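Rule-based calculations on the coordinates, nothing more; no lab input. Just so we're clear, the structure is a prediction, and the values are computed from it rather than from any experiment.
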Amino acid sequence: MPDYYFDQTLAANEQVTVHCPEAEKIQTIVGSARFWVQPDGRGNIPLELGLGQRIKRGFKTLRVVNGDTEQRIALKITDGDVTDNRLVGQVDISGGLRQAANRTTSYGNAVVGLAASNVVAANTSRANVLIQNLGPGIVYHGTDSAVTTANGIQIPVGGAIPITHDDDVYLISDTANTDVRYQEETL
């Protein structure tokens, strides 16, 4: 079926019935206030600007019911594709956007003792960091200087843990001069 378009200015609370070829999708192209549609008289479906709506059983008539504001309403009625074009302007992505293109790796060592120390600084570009404990003591991990041997995540001698958060990596040991290695991957 070729796309069918409805485009009309409706008075407040006006209703119009549209006869169209059998279709199953509706997309709002123009509409500035509340309105809804009733495909083949089956219930009210509210529509928003840009929103595409699939009607499971299809329809041949469509009642367009305007809300309490006069407005121009334009609809695309189709069996083809509908798009959701409501995203305009700036889009903020929390947690960062990760892509493999500029991946870098850094590594190093640290000597961890009886006081918490920041071994790897916070990094919002971090994909992961691997912490390895070479001993002689047990190491404990936390995200701030309040980490202790009683509340940190334990890394036994010879053990390693991958860390995927982007906070500071603080370590403390139950033994002075504990050898720790790290490898950080950033995007």
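Per residue, the convex hull spanned by the Cα atoms of the stretch 21-60 amounts to 62 cubic angstrom.
What is the chain's relative contact order, in percent, from Cα pairs under 8 angstrom and six or more apart in sequence?
Worked out over the chain, it gives 23 percent.
Each 10 Å bin from zero up to the one holding the largest Cα-Cα distance in the stretch 1-83 carries the following percent of pairs: 20, 60, 20, 0. The value obtained for the chain, namely the Cα convex hull volume divided by the number of residues, is 199 Å³ per residue. Fully extending the segment from Lys56 to Asn177, taken as 0.36 nm per residue of separation minus the present Cα-Cα distance, adds 36.8 nm. Once you reduce the stretch 1-50 and the stretch 115-187 to the center of their Cα atoms, the two points are 58 Å from each other.
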